[in-house]
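Each remark here refers to the structure printed beneath this line.
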Amino acid sequence: MLKTKILVALAATCLSSAAFASEHGHEAHDSHAAYTASADEACIGFGPQTPRDIDSHHGENHRSISAAPSYKQMNLCNIHFHLNAEHKSREFSIHAEGGHDAEGYQCNMSKHLSEAELAATATPVCKSEHGELKPGDTIEVHWVFSSADVKPGKGLGSCLSENDKNPDLRVESQVFTLVNDPNAQDFNTLSYSGKMVDGYHQADAIPSNTGKPVEFIGSTTGPIYTEHTCSPLQVTWSVRPQCAKVNIATVGKWCEHNAFEEDHGHGVRKLVTSAKLLSEIK
């Protein structure tokens, strides 16, 4: 049985670009994308999983996976965000009571915003069949980088190429509280506008004032995965531990036009708590 599970996991690392691209969406995922364990066991034979509580460093999954290079030595391949934080830290620890899939966490600061910051927007923001964003909501933004020779594009399939379907992957993550304030961070300054540095596609900027990022080995996320349906893809994560405020109007503008064809907040994967599925944070 264990051998079968491991073979499934190895086969899944050779997923097509199309299957990989659907992971953060709401489409049905490839039946071979992950092994589903029984209700009383965690996935076996898989590498460390994500998301996690970044304040808890304990982990018992010792599968040997090398950390990806610095994002500055990789190509930005995708930017997307999730409604509510997938990860948890002492600064985003309020369990979401609503939102997509009613999972994830909200920034603690979201409970201490002014009336002006919480004022309703004149028009809907990032409205789609999945809902819309409102002032006071929390989002977790993922800047995804790949060692493959790729350029930014739609979905996580843009992180693979025909010549490299198993590249190193790194995700830089920042959690934001949405506020109705023109003086807050402009989300579009954190996007991609063709910037190249040393031959690599790079984001226009990534927050650098929200604490030292917590780095660990994990996996891809999204609501199709659980502690019993694990992701077979390995990712080096770099999660900033503090929340920041971002102007909701600029997020709305980004949803209207961006290089990644993103127009809504994705669902979240429930927090992974089994030590057998987590790497040790060193």
Please compute the length gained on full extension between ILE281 and ARG90, using 0.36 nm multiplied by the number of residues separating them and subtracting their Cα-Cα distance.
67.1 nm
Which of rounded, prolate or oblate describes the range 204-270 when judged by the alpha-carbon gyration tensor and an a/c cut-off of 1.5?
oblate
With R₀ set to 25 angstrom, the calculated FRET efficiency between the beta-carbons of THR226 and ASP263, to the nearest 0.05, is 0.45
In cubic angstrom, how much convex hull volume per residue do the alpha carbon atoms of the range 46-119 span?
168 Å³
At R0 = 30 Å, how high is the FRET efficiency between LYS154 and LYS111 if r is their beta carbon distance? Nearest 0.05 is fine.
0.30
If amide H atoms are built 1.01 Å from N in the plane of the peptide, which residues on other chains or at least 5 residues away come under 5 Å of the amide H of GLU132?
none
Hey, fewest Cβ within 10 Å first, where do HIS228, HIS95 land in order?
HIS95, HIS228
If we count other beta carbons within 10 Å of each Cβ, what is the order of TRP237, TRP143, TRP254, fewest first?
TRP254, TRP143, TRP237
List every residue whose amide H lies under 5 Å from the amide H of GLN49, counting only residues 5 or more places away in sequence or on a different chain, with H placed 1.01 Å from N in the peptide plane.
LEU278, SER279
Interatomic Cα distance distribution for the range 103-257, bins of 10 angstrom, percent
10, 34, 37, 17, 2, 0
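Computed from the coordinates by the stated procedures, all read-outs in this text should not be read as laboratory data. Just so you know, these numbers come straight off a predicted model, no measurement behind them. Heads up, the Cβs are rebuilt from the backbone with ideal geometry, glycines too, and the neighbour counts pull from every protein chain shown.
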